[in-house]
Amino acid sequence: MVLPTSIARLRSFRPSSPNNDFSNLHCPPTTVLPTTVTLPRTENAVDKSCSKPSHIKDHFDPPLFVRMVKSWLSKAQVKDEKGIQHWKKVTVNLEDHIKTPIFPSGFDFYDKFIEEYVTKLAIDRLPTSRPLWELHLLKYPTRSTAGTAVFKLHHALGDGFSLMGALFSCLKRADDPSLPLTFPVRRQNPTPVKAGTLMQCCRSAVRAVEIGLNTVTDFAWGLMKSTLIEDDRTPVRSGEAGVEFRPLIISKVVFSLEDARKVKDKLGGTINDVISGVIFYGIQLYMRAVNGDVACSSRVGMGKVTALLLLNTRNVNGYQSLHEMKKPGAKSPWGNQFGFIHVSVPSCKDAEKVDPLTFVLKGRQIIRAKKKSLGVYLTGRILELMRKHRGSEVAAEFMYRTLMNTSATISNLTGPMEKMMMANNPISNFYFMVVGVPQNLTIAVVSYMGKLTLVMGTERDFIDSNLLISSMKRSFQRIFEAAMGNI
C-alpha cells in the first residue's frame, strides 16, 4: 500500500491545517506514494473478492472505512471566483478510485511488472476533479509475496502521522482481531537528581543560552539553504531542474531491529541515531563506489550533501485513531503538522578506511544539537507569515527551493509490533515513499514486527539503485561489527 509523508506539490487551497498550504506547491499537482503492503506467498493466497471495489469496505473495519470515505476521502478541490481552491464534499464512485490492473499471463513471478507499474504510478498525477486517493490491488505473485496493495494519496489530505493513524485504525491484528495494535513505547530519560536552587538556575541559564545559540544558527543556516546555498553536484544529486517528473525506482532493504538496538546499547543514544548513521555512511560508501579513487581527491566525490529531516511537530507519543483526530479540540488534530531541519551529512576522505562508528556518533551529535533549537518552529512561523501576507504560491516556492537545494529527504514512521492483516491476508511488510519532490534521492524508514525497512526512491538512470542498496547493507553490517568489536 502506498501512503504519503513528506512534501507534495499542488496549488493553494483551503487546508485542514495551516501547514497544508506549504506542502502543496505550484502546479503540476504531485502525489505521494507511501505504504507498500505485501502479503506472503507462504501464508494465505490473496482473497479474490478484493477485486470488486464494492466489496473493499469488507476488508477493513467496515464502520471506520465508511467513516473515512464520508470524511476525508470524499472531498475534492474546487476553485472559487477568486481562483482560490477549497475542499468540497462530493459523491465517491469507488470504481474511480480502486484499481485492479491486468498483467500478461504465463509468468511465475511479476516483480518486474509490479516495479514498472509502481514507477508509472509515481509519475502519474491524481485527477483533481475527484478526491485525491487511489487503491491499487496487484494480485500477482512476486518472489516474496502473494500480492501487493498500493495506496496512493495526496499529501494535501494529511501528513504521514494522520494517514497512518487512519490506516492503522482500519486494519486488524492477525493473531487476535479483537485486540488493538500496539506500538513501541519510547523510553523516558531518567529523572535527574534534584539539585539546589542555585544549581537549577545555573543549569536553566546554560540550557537557555544553548537553545538560543542553536536556534540562531539553525534558523540562519536554514534560510540560506532555502534561498542562496545549494548542495554540490554529487552521485546522489544532479542539480538539474525537473527531476520530480522523471521515472524513479523504489527499492528497499530490511534490517534487524534487534541488531540496531544492540548498536544503540553499545554506543548510547537512540535507534534513530543508529539508522541515521547507517544512512549517512551508506551515502558515503555509494559515492566512493561511483567515483572510485577520484573520490579521495575530487570535489565531485567530496561534495556537500545536506539531508532534509522531516519531523512530526505534534506533542504526542503515539498514533491517534481517526475518531480521536477528528474530535473538536483534539490534542493531535487531523492535518499536516510537520517541520524540517537541515542536517549536513558527515563526510570523509575515504569511506572504505574510516571508522564507521564515527557516522553514528557524528550524526547523533548533529541531531541532538538540532533538537535543542527552536529553528524548526521559527521556520514554520516564517512560512505561515509568507502565506498570509504574500500568498500561498510564495510560501510554496520557498518550500520547493528548500527541497531543490538539498540532496535528500529523510522521514520515518513507527509501525505496530504485531502482524496486521487485510482481507484476512497477513501483512508481511509495509512501507511508504514520498514522490514528486525535486530530489534524486528520497529515503523513508519504517519499523514493523521487529524489522527496520529502509526504502529509497531514486531517479532511474541517474542513481544505481542496486549499488545503493548494497552500500546501505555494507554500512549496517560494518557499523554492527564495529560496535560489537568484530573489526
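The values are calculated or read from the model by the stated rules, or taken from the named source; none is laboratory data. Quantities reported herein were computed from a predicted structural model and do not represent experimental measurements. Glycine also receives a Cβ, built like all others from the backbone with ideal geometry; neighbour counts cover every protein chain displayed. Only protein heavy atoms, including side chains, enter the accessible area calculation; ligands, DNA and RNA are left aside. Shrake-Rupley method; radii C 1.70, N 1.55, O 1.52, S 1.80 Å.
Structural remarks
- Of the peptides 126-133, 176-183, the ranking by mean beta-carbon count within 10 Å, highest at the top, reads 126-133, 176-183.
- In this structure, the amide hydrogen of Asn412, modeled 1.01 Å from its nitrogen in the peptide plane, lies closer than 5 angstrom to those of Val445, counting only residues at least 5 positions away or on a different chain.
- Highest average first, the peptides 468-479, 358-369, 270-281, 221-232 ordered by how many other beta carbon atoms sit within 10 Å of their residues are 270-281, 468-479, 358-369, 221-232.
- The figure for Met421 is an accessible area of roughly 40 square angstrom, using a 1.4 Å probe on the protein chains alone.
- Between the amide H of His136 and those of Lys99, Val150, Phe151, Lys152, distances stay under 5 Å, these residues lying 5 or more places away or on another chain, with hydrogens modeled in the peptide plane.
- Amide H contacts under 5 Å for Thr145: Arg41, restricted to partners 5 or more places along the chain or on a different chain, H placed in the peptide plane at 1.01 Å from N.
- In sequence order, calculated HN-Hα J values of segment 440-452 (Karplus, 6.51, -1.76, 1.60; Hz; x Gly/Pro): 7, 9, 10, 10, 9, 10, 9, 9, 6, 6, x, 10, 10
- With θ taken as phi - 60° and the Karplus curve 6.51 cos²θ - 1.76 cosθ + 1.60 applied, the whole-hertz 3J(HN,Hα) list for segment 273-290 is 4, 5, 5, 5, x, 4, 5, 4, 5, x, 5, 5, 5, 5, 5, 5, 5, 6 Hz, x standing for glycine and proline.
- Rolled with a 1.4 Å probe across the full set of protein chains, the surface gives Tyr377 an accessible area near 130 Å².
- Distance from the Cα centroid of segment 430-463 to that of segment 139-175 is 15 Å (rounded to whole angstrom).
- Annotation: peptides 152-159, 115-122, 425-432, ranked by per-residue average of other Cβ atoms within 10 Å with the highest first, follow the order 152-159, 425-432, 115-122.
- A simple rule links phi to the HN-Hα coupling: the Karplus curve 6.51 cos²θ - 1.76 cosθ + 1.60 with θ = phi - 60°, which for segment 352-361 gives 6, 10, 6, 6, x, 5, 4, 6, 5, 5 Hz, with x for Gly and Pro.
- Sorted largest first by accessible area at a 1.4 angstrom probe radius, with every protein chain in place, the residues Asp464, Asp350 fall in the order Asp464, Asp350.
- Exposure of Phe161 as accessible area (Å², to 10), given a probe of 1.4 Å and all protein chains: 20 Å²
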